[in-house]
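Contents: one structure, followed by commentary.
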Amino acid sequence: MIRQIEGSLAVAEAVALCRPEVICAYPISPQTHIVEGLGAMVKGGTLTPCEFLNVESEFAAMSVAIGSSAAGARTYTATASQGLLFMVEAVYNASGLGLPIVMTLANRAIGAPINIWNDHSDSMSQRDCGWIQLFAESNQEALDLHIQAFRLAEEMSMPVMVCMDGFILTHAYEQVDMPTQAQVDAFLPPYEPRQVLDPADPVSIGAMVGPEAFMEVRYIAHAKQTMALDRIPQIAAEFAQVFGREAGGLVRGYRLEDADTAVVALGSVVGTLEEVIDARRAAGEKIGLLSIRSYRPFPLAAVRAALAGVKHFVVLEKSFSVGLGGVVALDVRKAMSGMAAVGHTVIAGLGGRPITQASLQRMLDDVMADRLQPLTFLDLNWEIVNRQLAREASMRRSGPIAENLLRDIGQKPAPEAKP
Amino acid sequence: MQLIQVNATAVLWRNVEVIRPPQAVGNAIRLGVDHILQIRIHGRGGQGVVTAAEMLSVAAFFQGRHAQAFPSFGSERTGAPVVAFCRIDDRPIRLREPIQAPDVLIVQDAHLLQQIDVFQGLDPKGHVLINTRRSLEDLGLTEIAAQLPKGHVVTLPATEIAMKHLGRPLPNAVLLGGFAAMTGIISLAAVVHAIGEKFHGDIARRNVAAATEAHAMLADLEAAR
């Protein structure tokens, strides 16, 4: 049924259709509406049997998820930003133990400075944690990916993080096609754990492993993620058969055939990029777009095949490795190693800065004119950057950076001059 | 002026009844080919600015259109300036940037006119609906109104209408009733439907009454023009 609803509610309803048995929740923007929605369904009796646990922190949320998943319950939670960081130790345990937990990550920047807006710093900080990471372009895809995520997680016995842009998607009202319970039941069989804590057949889960087998356990995690590279597109194809629409998979190309230039991106910015690509195509440019939908496992071969014909590629990402540059760009460059194409990294949209068509057009003009630097920060305000750097060069007690910059852009009154 | 044409196949696909505006009004906005209609709503935290954008998107969807509503993503506090956006189109909406060049502005609090440049980026043929009892002269808006086509800046005493029906100064649904009459983009029936999706019982009924009064007020004004 097609409805006009908030992205968070769409995800909550999709998760409910997956018949989760345990949901643990700790609120943090911009994820809160999702677990609120699920909480209301459990309390209202429409989602049953399901235990909804309010926990005291994100660390507890993931710890409870580990316990319930190990006890054989289909388990779900959601978080964002500092919440993800706070649960990190347990996040690694969930994947290390091979527990098929599904978690929504409503992507949000990480402080300091404190910032509640969207970027991909939070999920990228956990790219090596052993979870599968899928990225949604729209609310429809976010909804669809959750249904696929439970199937994938339980087949592979590994946790899946569904990443959706905080606020831009979670708080957007747009139309979604909500599947029926029968459709979801036809696609997602009941959870059959590969390992389970059962008093009738006791096992221990979480043994200490020394140097004699630790590398092998880690390698098996890698081998399974490699296998997921095959399963992800297969599950997406089966999903398309049952639900009649395309969602998920490893990558999605847009107007890449015959393209000389490609933009590579993930998440909701793909929609805005499609508009820009259409405009430039209409003007005669051979340009296309590659959306990465599975970030972990990273689809090296699919990216390389999709970009095989391009002369330039631009990785536009909402994440940033301080002291190096792009995060996603590293992976894309690895996929393109040995190819002649020239790569560019564009850091954009950090801390919720809007990524506008106008800015993207200017950036692509620079690509076409061969002016784009290998590492570019879209719409960076160089004036306030240089002012702060000059301040630091000229005096020792230059003060806190964030407050200085806010003052420079006029958001805080200048301190009164000292006599 | 011709009324908006709703894409018949899209409507069938969505299996919803299309409710067309009841009558052609003088300033009806037509969705052009390849043109997304963009609406920006200004107000203050607590005035239901975000809810207004959401209800507008629900109303447009009810009429068989694609719509997208989203807030300006601030850490909203009661009383602080808040912006919310709504896009309406006959095709799926892919664009995710904030609305910088709106076709329509809805101003829920006229005091904002002194505080921020609400008109920033407004289309030269754009429409403006302001919640105020005062005249455009009083608000110092004659110059701006003169730059837009005649009748494109409209005032509505939405807070007074809200006080009468709701007993609280919540002008959002009232302004949507006015918006429907002023632009013809959505019908009053669609606004009533959207109010019913957001509110229930007595609160819904009171908001419907308030929106209906506002609609009648501006429809009369348009008819007289």
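The figures follow:
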quantity: Search result, residues across segment A:271-328 that are assigned to a strand (DSSP E or B) and among the polar types (S, T, N, Q); calculated: A:S291, A:S294, A:S321
quantity: Those residues of segment A:329-367 which are assigned to a loop (DSSP other than H, G, I, E, B) and not β-branched (V, I, T), in sequence order; calculated: A:M336, A:S337, A:G338, A:M339, A:A340, A:A341, A:A348, A:G349, A:R353, A:P354
quantity: The lone exception for B:I130 - which of (1) more than 14 Å from every other protein chain (Cβ to nearest Cβ); (2) buried (at least 23 other Cβ atoms within 10 Å of the Cβ); (3) touching a residue at least 40 places away in the same chain (Cβ under 8 Å) it fails; calculated: (3)
quantity: Odd one out for A:R371 among (1) assigned to a loop (DSSP other than H, G, I, E, B); (2) free of Cβ contacts under 8 Å to residues at least 24 places away in the same chain; (3) surrounded by 15 or more Cβ atoms within 10 Å (Cβ to Cβ); calculated: (3)
quantity: All positions within segment A:291-312 that are under 22 Å from A:A358 (Cβ atoms) and touching a Leu at 6+ places or on another chain (Cβ under 7 Å); calculated: A:S291
quantity: Complete set of residues in segment B:166-206 that are over 15 Å from the mean Cα position of the chain (by Cα) and in a helix (DSSP H, G or I); calculated: B:L166, B:G196, B:E197, B:K198, B:G201, B:D202, B:I203, B:A204, B:R205, B:R206
quantity: Positions within segment B:197-207 being over 16 Å from B:P157 (Cα atoms), surrounded by 17 or more Cβ atoms within 10 Å (Cβ to Cβ) and free of Cβ contacts under 8 Å to residues at least 60 places away in the same chain, in sequence order; calculated: B:F199, B:R206
quantity: Filtered residues of segment A:69-93 (kept if of a type in the set (G, A, S) and either within 23 Å of A:L143 (Cβ to Cβ) or not assigned by TED's automatic domain parsing to the domain that holds A:D122 (or both)); calculated: A:S69, A:A73, A:A78, A:A80, A:S81, A:G83
quantity: Elements of type helices (runs of 4 or more DSSP H) contained in segment A:97-187, each with 1 or more residues being crowded, with 24+ Cβ neighbours inside 10 Å, touching a Cys at 6+ places or on another chain (Cβ under 7 Å) and at pLDDT 95 or above; calculated: A:121-125, A:139-156
quantity: Single match in A:R397, A:R391 (criterion: farther than 23 Å from A:I292 by Cβ and surrounded by 14 or more Cβ atoms within 10 Å (Cβ to Cβ)); calculated: A:R391
quantity: The listed residue being at pLDDT 95 or above, in contact with a strand residue (DSSP E or B) (Cβ under 7 Å, 6 or more places away or on another chain) and either closer than 21 Å to A:G7 by Cβ or surrounded by fewer than 23 Cβ atoms within 10 Å (Cβ to Cβ) (or both), out of B:I106, B:I93; calculated: B:I93
quantity: Residue among A:G253, A:G206, A:G248 that is assigned to a loop (DSSP other than H, G, I, E, B), in contact (Cβ under 8 Å) with a residue 40 or more places away in the chain, surrounded by 15 or more Cβ atoms within 10 Å (Cβ to Cβ) and not aliphatic (A, V, I, L, M); calculated: A:G248
quantity: Hits in segment A:29-43 (condition: surrounded by fewer than 24 Cβ atoms within 10 Å (Cβ to Cβ), more than 13 Å from chain B (Cβ to nearest Cβ) and in contact with a helix residue (DSSP H, G or I) (Cβ under 6 Å, 6 or more places away or on another chain)); calculated: A:G37, A:M41
quantity: Tally of residues being farther than 18 Å from A:E6 by Cβ and assigned to a helix (DSSP H, G or I) across segment B:49-90; calculated: 0
quantity: Test: residue in segment A:386-401 that is farther than 30 Å from B:L95 by Cβ, among the β-branched types (V, I, T) and part of a helix (DSSP H, G or I); calculated: yes
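Yes/no matrix, rows are residues, columns are (1) among the hydroxyl-bearing types (S, T, Y); (2) crowded, with 24+ Cβ neighbours inside 10 Å; (3) farther than 23 Å from A:E6 by Cβ:
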site: B:K164; (1), (2), (3): no, no, yes
site: B:P171; (1), (2), (3): no, yes, no
site: B:L176; (1), (2), (3): no, yes, no
site: B:A181; (1), (2), (3): no, yes, yes
site: B:I185; (1), (2), (3): no, yes, no
site: B:L188; (1), (2), (3): no, no, yes
site: B:A194; (1), (2), (3): no, yes, no
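The values are calculated or read from the model by the stated rules, or taken from the named source; none is laboratory data. In this text, all values refer to a predicted model and were calculated from it rather than measured experimentally. Note that each Cβ is placed from the backbone with ideal geometry, even for glycine, and that neighbours are counted across all protein chains shown.
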